[in-house]
Amino acid sequence: MSPALIATFLLCYTGLALFAASMNRHRDAAGLVKINRFGDYLLKAGGVLLITLSMRASAQFGWVIGIVQWLGSVTLAGLALTVILSIWPRAAFVLAVVVLSILLVVWAV
Amino acid sequence: MRPPIRQSMAWLHAWIGAVAGWILYFIFITGAATCFSVEIDRWMQPERPLVSQNVSQAQLLEAGFRRLGERAPNARIWVVSVSSNRDPSRLQVLWREGEASGNSRSLTKTELLDAGGNPIAYRKTYGGQLLYRMHYQLHYIPVVEARWIVGVCTFLLLIGAITGVIIHRRIFRDFFTLRFGKGRRTWIDVHNVLAVFTLPFQLMIAYSGLLFFAYIYLFPIVTIAYGSGDSSVRQFLNDLSTRPVVAGPAVDAAVRVSLPQIVAETNRLWGAGQVRYVEITDPGRPSERVAVSRQRDGPFRASEILVFDAVGSVMGRYDGPSSTPRLINDIVLGLHEAQFANPPLRWMYFISGVSVAFSIAAGLFIFFGKLQSISFRSFPIQQLNIGIVAGLPISIAIYFWSNRIIPIDLEQRQAWEANSIFVTWMLTLTFALMRSADKAMQNLLWAASVAFGLLPVINALTTQRHLGITLLRPDWTLAGFDLTMLAIGAAFAFAAVVTARSEAQEAG
C-alpha cells in the first residue's frame, strides 16, 4: 500500500463526500445547515478539485497503471462513502473533514 | 407515463438480466476468485514448503537445471519456471521428450520442486486454475460451445449496463443513496449503487473479456486466411505467438557456457530477480538455444525475451509488441488479466468483481420477486433464484473443503473436487426449492457463513499449513487465505443477521 495509492483513495473519498454534501438529501440526513445555490456550486467545485488532485496522485505510477489505480480508487471510495452515508450520515462528513486535514498537514510538511 | 425509450430499455434490461443473469453471476464470482488463483493454488497444495525468505531466484533456477539434468538428460525441451512476484518460492520444471516441435501435451512432464531441487509429492488438484478455467469455459460443456455462451452473456452484460444507465433517471440524485430496511426499495438501491460505481470496471472487463475469443466470435478473422476447422485455428494462434524465431549455426561444444552463467548474464542485463521462465531447446547439444523470459511489470502481456546460444552470446531479443495492433491487444487483455497488479490493485479488482456479482444478484432478486407475484403461482421461482445465487459461494467453499477431505490417493481426485462444486450447488438448489423464500435465504446465508468460517478449522485438522503455523512464519499467502475465509464467513453471518432483522421488521 504505497502512500500514493492511499492518497489517491483518500482524495477520492473526500472529493465524493463534497459532492454528497452538496445534495440536500444527504445534508438533511446528517443534520447540516442549509446552503444556497452558490454554496452548492462551491461544494461541487471543491469536489472536482479534490478528484483532480487524486488523479495527479495516481499519475506517478505511469499513466497506464495510474488510470487503473485511479478508477479502482474512485469505485471503492464511492462504495465506502455510500455505505457509511447510509448508516451514519454525520460520521461520513466528519470523516471527510478529518481525512482532508490530515492530507493537508502531510502535504504541507 | 414513461417515455417509450425508457420503457423499451427497461424491458430489455430486465429480460437480459433474466436470461444472462445467473451465468454472469457465475462468471463474476469465479473471475473475482481468479484474481487470487496463484494463491489458491498454493493453499490447495499444502505439501509445498512454507515460504522461505532467503532463497534467490538464481539459486532456484540452478536447482531446477540440476534436477532436469538428472531426471531428463535426453529431453528435447527443458523449461524452468519461477514466478517471483506472487509466489517467491515456486519452482516448476517441465520437459518434453521426443520431437521438439511436436504438439502433443501428453509428452510434456512436469514436477514441482522445493528450494533444493527435490521433487515435491503433492496431491493432484486443479487448484485455483479450475476457477480460472470455469470463468471462461464453464464446466461439463464442450469448450467451444461454452466460450460462445460466455461471450454472448458478456455482450449482454454490456447491453445491460448501457440500458441500466438509460433507465436510471435520477442517476446523479441517487448517486450516494442507499436506504436500508425498505424492502424492495433497498434491493433496488443496492443494485443501483453497486452497478453505478463499478461502471468503468464493468465496461473495461466486459470489453476486454470479449477480445480474448474474438477470433471465435468473429470467425472470418481466421477463416479468411486459414480456412475453417480446428487445425486452422491452431495455426492462426501459432502464428500469433510472439516467440522470436532464431536459427543459427551450431557451435563448437568445447566453448559451451553453463546455464548459471547465462542466468548471471541475464541478471546483468535486466537486474536480479527478473526471470519468469527459462526455456532450453536441445539442451546439451550444439544447437542448444536458451530463451529467458522476463517478469511483467505492466499490463503488456508479452514479456521481453532474450535468446542465447550455447556459448552464451545473445542471438535474439524480443523487446515488446512489434506492431500497434499487438500493443493494443496486449494492453487490453493485460488489463483484464491483471497479472501485473500489485496486491492493493489486485484486491481492488476482486472487490469490484464481487460488487458486480452482488449487483447482478440484487437485480435477479428484484426480478424474480416481481415475477413470482405476477406468474408462477405454483412454482417457487424466487426460491430457485435464491438457491442458485446463494448456493454458488457455498459450493466454492465446499470446493476448498473437498481439497482437504478427499483422500489423496483417490483416482482422479481432482475431477471429484470439481464435481463437489456442482453437487453442492444442486443440493442447495433443491433445499431452497423446498422452503419459503425468506427461510431459504436465511438458511443459505448461515450455511455459507459456516462453510467459509469452518474452513480454517478443517485446514488445521488435516494439514500442517494452518493459521497456527502460517502466522508464526509468517507465510502471508497461506495465512491470508485462511484469514480471508474467516472474514467472508463473518460477512455472511452479518448478512444473515441483517436479513433476519429486516424481515422481522417487515412482518412485525
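The values are calculated or read from the model by the stated rules, or taken from the named source; none is laboratory data. Only a predicted model underlies this, so the values are computations on that prediction, with no experimental measurement involved. Cβ atoms come from the backbone with ideal geometry, glycine included; neighbour counts cover every protein chain shown. The accessibility values were calculated without ligands, DNA or RNA, using every heavy atom of the protein model including side chains. Shrake-Rupley method; radii C 1.70, N 1.55, O 1.52, S 1.80 Å.
Size of segment B:389-508: Rg and Dmax of its alpha carbons, in Å, are 16.4, 55.
Enumerate by residue number the GluC sites (Glu not before Pro) in segment B:402-508 meeting two conditions: DSSP loop (anything except H, G, I, E, B), and at most 13 other Cβ atoms within 10 Å of the site's Cβ. Each step should come with its number before you reach the end.
Numbers: sites: B:GLU411, B:GLU417, B:GLU503, B:GLU506; in loops: B:GLU411.
The qualifying sites are B:GLU411.
Using a probe of 1.4 Å on the protein chains alone, the accessible area found for B:LYS124 is around 100 Å². As a fraction of the 1.4 Å probe accessible area of the protein assembly as shown, surface on carbon and sulfur atoms comes out at 66 percent. Measuring with a 1.4 angstrom probe and ignoring ligands and nucleic acids, B:HIS466 comes out at about 40 Å² accessible. Solvent-accessible area per residue in the protein assembly as shown equals 49 Å², computed with a 1.4 angstrom probe and all protein chains kept. Sorting B:ILE16, B:ILE328 by solvent-accessible area of protein heavy atoms yields B:ILE328, B:ILE16, largest first, with a 1.4 Å probe. Reported value for chain B: 183 Å³ per residue, from the convex hull of its C-alpha atoms.
For B:LYS182, the aspartates and glutamates whose Cα falls under 17 Å of its own Cα, not counting residues fewer than eight places away in the same chain, are B:ASP174, B:ASP438, B:GLU503, B:GLU506.
Of the listed residues B:SER449, B:SER228, the order by accessible area with a 1.4 Å probe, largest first, is B:SER228, B:SER449. Rg over Rh for segment B:362-451 works out to 1.09, both radii taken from alpha-carbon positions and Rh defined as the Kirkwood radius. Rolling a 1.4 Å probe across all protein chains gives A:VAL105 an accessible area of roughly 90 Å².
With one equal scatterer per alpha carbon and no solvent term, the Debye-computed log10 I(q)/I(0) for the protein assembly as shown at 0.07, 0.08, 0.10, 0.12 1/Å reads -0.52, -0.68, -1.04, -1.43. Each residue of segment B:21-35 is assigned a 3J(HN,Hα), and the resulting list reads x, 5, 5, 5, 4, 4, 5, 6, 5, 5, x, 4, 4, 5, 3 Hz, derived from the Karplus form 6.51 cos²θ - 1.76 cosθ + 1.60 (θ = phi - 60°), x at Gly and Pro. Largest accessible area first, the listed residues B:PHE379, B:PHE368, A:PHE9 line up as B:PHE379, A:PHE9, B:PHE368 when surface is computed with a 1.4 Å probe on the assembled protein chains. Rounded to the nearest angstrom and listed largest first, the equivalent-ellipsoid semi-axes of segment B:290-401 from its Cα gyration tensor are 49, 16, 12. Amide H contacts of B:MET315: B:VAL307, B:PHE308, B:ASP309, each under 5 Å away and 5 or more positions distant or on a separate chain (H built 1.01 Å from N in the peptide plane; Pro and chain starts excluded). Its Cα gyration tensor gives segment B:1-80 an equivalent ellipsoid. The semi-axes, each the square root of 5 times an eigenvalue, are 54, 16, 12 Å from largest down. Using 0.36 nm per residue and subtracting the Cα-Cα separation, the extra length available between A:VAL105 and A:MET1 on full extension is 35.5 nm.
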